[in-house]
Amino acid sequence: MKVLVTGASGFVGRALVDELRHGDGAYEVRPLGRGDGDLAEPGTAEAALAEAMPDVVVHAAARIGVVRCEEEPELALRSNVLATVLVARAAAEHGARLAYLSTSDVYGSAVAADEETPPAPESLYAYTKLWGEQVAALYAPEGLTLLRLANPYGPGVDAEQGKGALTTMLRQADARERIPVFRGEARTWCWIGDVVRAVRLVLESGEEGTFNVGSDGEPVGLADVARLACELTGAPQELIEEVEPPPGRVMTRISIERLRGLGWRPEVSLDEGMRRLLDSLRAGAPA
């Protein structure tokens, strides 16, 4: 199977390229990163597909984060909607199946959500990702797979993209800096290796439609995560300061029964994942 991965310079895209290239049944992977052109420019996606001739396009390129999309709404629309239009059109033209990486944020403030839960986005970021799903379905419906990721973390995450809470807390604790955490917020996180293993499994299954990808364990409060960061680094817990969260942040608990039906389950616990992440930070690995 030939796979083209957009967003290969980003956190999930880079990890997915590595996952698909290694292990049993390694695939021929064409990574498409920031240096390969702007996917929102006409012709960029078309040229990449014409060269790679992939069987599957995994569209992971996106502008991520509630705050970042609010700060630059035009860029959010361009990156998350317009680029998806052009990628989907090119995939359909070349007969490639499209897998679109979306977010569980599209469920909005639903307490729990499976794949049948109606989307109800509450931020511009979530809206742009839902619109990305919709234009993908409009232009490349044949074999389309939508993967709604929930809180992936691990080495390589960009803390400036609104998905780096655990990385940020560990860095702050290790540097003995103040650790602000959003009051009352609890989430379930999923180790990046487990996430990309799930994406690979879905691609190999040939299944279409929507999949939630993440952990369905008990949500953990951000304050508790900050305390764990302090324990791992030996920092005093007095560094933790609870603050009010910004609007548009959601804490939906996802159901992953459909993904479990393919034989997948998360393998790395939060404690173990944070230990691994701290080791990578202290070793100077990109994070």
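Within segment 182-193, track down each residue that is modelled with pLDDT of 95 or more and in contact with a strand residue (DSSP E or B) (Cβ under 9 Å, 6 or more places away or on another chain).
Hits for segment 182-193 are Cys190, Trp191, Ile192.
Does at least one position in segment 43-55 carry a residue that is on the phi < 0 side of the Ramachandran plot and assigned to a loop (DSSP other than H, G, I, E, B)? Working first, answer last.
First pass over segment 43-55, keeping only residues on the phi < 0 side of the Ramachandran plot: 44-52, 54-55.
Applying the additional criterion that residues be assigned to a loop (DSSP other than H, G, I, E, B) yields 54-55.
Yes, some residue in segment 43-55 is on the phi < 0 side of the Ramachandran plot and assigned to a loop (DSSP other than H, G, I, E, B).
Do we find a residue being surrounded by fewer than 16 Cβ atoms within 10 Å (Cβ to Cβ) and within 21 Å of the chain's Cα centre (by Cα) anywhere in segment 77-99? Show your work before the answer.
In the first step, residues of segment 77-99 are kept if they are surrounded by fewer than 16 Cβ atoms within 10 Å (Cβ to Cβ); the result is 93, 95.
Now restrict to residues that are within 21 Å of the chain's Cα centre (by Cα): none.
No, there is no match, as no residue in segment 77-99 is surrounded by fewer than 16 Cβ atoms within 10 Å (Cβ to Cβ) and within 21 Å of the chain's Cα centre (by Cα).
Between a first residue in segment 191-217 that is charged (D, E, K, R) and a second residue that is assigned to a helix (DSSP H, G or I), which pairs have beta carbons less than 8 Å apart while being 6 or more apart in sequence or on different chains?
Short answer, once both residue conditions are applied: Arg197/Glu19; Arg200/Leu16; Arg200/Glu19; Arg200/Leu20.
Just need a number here: residues in segment 142-157 that are in a loop (DSSP other than H, G, I, E, B), over 19 Å from Leu86 (Cβ atoms) and of a type in the set (A, V, I, L, M, F, W, C).
Taking segment 142-157 as the starting set, the residues that turn out to be in a loop (DSSP other than H, G, I, E, B) are 142-144, 150-151, 154-157.
Now drop any that are not over 19 Å from Leu86 (Cβ atoms), which leaves 150-151, 154-157.
Those still in the list that are of a type in the set (A, V, I, L, M, F, W, C) too: 150, 157.
Total meeting the criteria: 2.
Do you know which residues across segment 224-266 are touching a strand residue (DSSP E or B) at 6+ places or on another chain (Cβ under 8 Å), crowded, with 18+ Cβ neighbours inside 10 Å and of a type in the set (Val, Ile, Thr)?
Scanning segment 224-266 gives Val225, Ile240, Thr252, Ile254, Ile256.
Residue check: is Val196 assigned to a helix (DSSP H, G or I) and buried (at least 19 other Cβ atoms within 10 Å of the Cβ)? Explain how you work it out, then say what you get.
On the way: assigned to a helix (DSSP H, G or I): yes; buried (at least 19 other Cβ atoms within 10 Å of the Cβ): yes.
Criteria met by Val196.
Taking interchain pairs and intrachain pairs at least six residues apart, which have beta carbon atoms under 8 angstrom, with the first residue in segment 122-141 and closer than 17 Å to Cys69 by Cβ and assigned to a helix (DSSP H, G or I) and the second charged (D, E, K, R) and open to solvent by 10 Å² or more (accessible area, probe 1.4 Å)?
So the pair list comes out as Leu124/Glu70; Tyr125/Arg63; Tyr125/Arg68; Tyr125/Glu70; Tyr125/Asp105; Ala126/Asp105; Thr128/Arg63; Lys129/Asp105.
Which residue pairs have Cβ atoms under 8 Å apart, sit 6 or more places apart or on different chains, and have a first residue in segment 229-249 that is of a type in the set (Ser, Thr, Tyr) and a second that is assigned to a helix (DSSP H, G or I) and open to solvent by less than 50 Å² (accessible area, probe 1.4 Å)?
That search, which allows pairs on different chains as well, returns Thr233/Leu170; Thr233/Ala173; Thr233/Leu278.
Within segment 208-243, which residues are in contact with a Gly (Cβ under 9 Å, 6 or more places away or on another chain) and either β-branched (Val, Ile, Thr) or not in a helix (DSSP H, G or I) (or both)?
Within segment 208-243, Glu208, Gly221, Glu242 meet the criteria.
Of Gly273, Gly221, which residue is within 16 Å of Cys190 (Cα to Cα) and surrounded by fewer than 18 Cβ atoms within 10 Å (Cβ to Cβ)?
Answer to the selection: Gly221.
In segment 125-139, which residues are buried (at least 19 other Cβ atoms within 10 Å of the Cβ) and more than 15 Å from the chain's Cα centre (by Cα)?
So in segment 125-139, the residues buried (at least 19 other Cβ atoms within 10 Å of the Cβ) come out as 125-130, 132-133, 135-136, 139.
If the condition is that a residue be buried (at least 19 other Cβ atoms within 10 Å of the Cβ) and more than 15 Å from the chain's Cα centre (by Cα), then Tyr127, Val135, Ala136, Tyr139 are the ones that fit.
Restricting attention to segment 18-62, and to residues there that are among the β-branched types (Val, Ile, Thr) and touching a Gly at 6+ places or on another chain (Cβ under 9 Å), which single residue is surrounded by the fewest Cβ atoms within 10 Å (Cβ to Cβ)?
From segment 18-62, those among the β-branched types (Val, Ile, Thr) are 29, 44, 56-58; that's our starting set.
Cutting the leftovers down to touching a Gly at 6+ places or on another chain (Cβ under 9 Å) gives us 44, 56, 58.
Working: Thr44: 19, Val56: 21, Val58: 29.
Out of the qualifying residues, it is Thr44.
The values are calculated or read from the model by the stated rules, or taken from the named source; none is laboratory data. Treat the numbers as computed from the prediction; the structure is a model and nothing was measured. Please note: Cβ atoms are built from the backbone with ideal geometry, for glycine as well, and neighbour counts cover all protein chains shown. In case anyone asks, the SASA skips ligands and DNA or RNA and just uses the protein heavy atoms, side chains included. Shrake-Rupley method; radii C 1.70, N 1.55, O 1.52, S 1.80 Å.
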